[in-house]
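Encoded as structure tokens, the structure appears first; notes follow it.
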Amino acid sequence: MSLARAGGATGRAVAALAVAGLVGCAAFGVASGARAGEASGAAYPQGATSFQANCAVCHGPAGAGIPALAPPLLSYPASYAANAEGRRQLVMTVLFGLFGAITVGEQRYDSRMPDFARLDDATLAATLNFVVFDLAHAPAGVSPIAAGDIAAERAHALDAAAVREHRKSVAPP
């Protein structure tokens, strides 16, 4: 067996162990984070519950992110939600996923966010509103994302590569 092939297998094994470790740590964080989110009086409690069940594994129970894996959700979602294309980006990202390298706050992240199209429109809207208002603290003038916004984007299915391309038009350079 060549060194390249052995290195590839070793690399895959290390990656698998890292993912297993993250899942194990995240499972603990989800359980404790769900209780913390409920106790904190979230403006979007259904969104908090959905976030803990679906998003905290990668973004952390408080949305602080995991270095190199998933960005923090503590600021930029509020600015995205303040304009039409940014709102579309948030919705498309949760519906269709996103993969590849992105930069958030001068930090680089390179992973694959899964799609959450299996969740209903109301749950996705509540989850995004939890992120935008409870985690990222959007100002009062920002409108909540509605289930109808989710339904409108769901009607135009994209792949994760197209979502990433659209992100380039709304993310700061």
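I'd like the FRET efficiency for residue 140 and residue 165, computed as 1/(1 + (r/R0)^6) with the beta carbon distance as r and R0 of 25 Å, rounded to 0.05.
Details: r = 32 Å, r/R0 = 1.28.
The formula returns an efficiency of 0.20 here.
Starting at the first residue of segment 124-131, write each ³J(HN,Hα) from the Karplus equation 6.51 cos²θ - 1.76 cosθ + 1.60 with θ = phi - 60°, in whole Hz, x for Gly and Pro.
Values per residue, Gly and Pro as x: 5, 4, 4, 5, 4, 5, 4, 5 Hz.
Under the Karplus relation 6.51 cos²θ - 1.76 cosθ + 1.60, θ = phi - 60°, what is the ordered set of whole-Hz ³J(HN,Hα) values for segment 155-161, x standing for Gly and Pro?
5, 10, 3, 10, 9, 4, 5
Would any residue of segment 61-84 have its amide N under 20 Å from a label point 7 Å out along Cα→Cβ of residue 112? List them or say none.
Counting only backbone N, you get 66-71.
Residue 70's amide H: which non-local residues (gap 5+, or another chain) put their own amide H closer than 5 Å, with H modeled 1.01 Å from N in plane and none for Pro or chain starts?
For residue 70, whose amide H was placed from the backbone, there are no distant partners under 5 Å.
Under a no-solvent Debye model with one identical scatterer per Cα of segment 109-155, what's log10 I(q)/I(0) at q = 0.25, 0.26 Å⁻¹?
So the normalised log intensities work out to -0.95, -0.98.
If we restrict to alpha carbons, what Rg and Dmax does segment 83-165 come to, in Å?
Rg and Dmax of segment 83-165, Cα atoms, are 12.7, 33 Å.
Just so you know, all these numbers are worked out from the coordinates, no wet-lab data involved. Remember, predicted model here, so these are calculated numbers, not experimental data. When we count neighbours, we look across all protein chains shown, and the Cβ atoms used for this are built from the backbone with ideal geometry, even at glycine.
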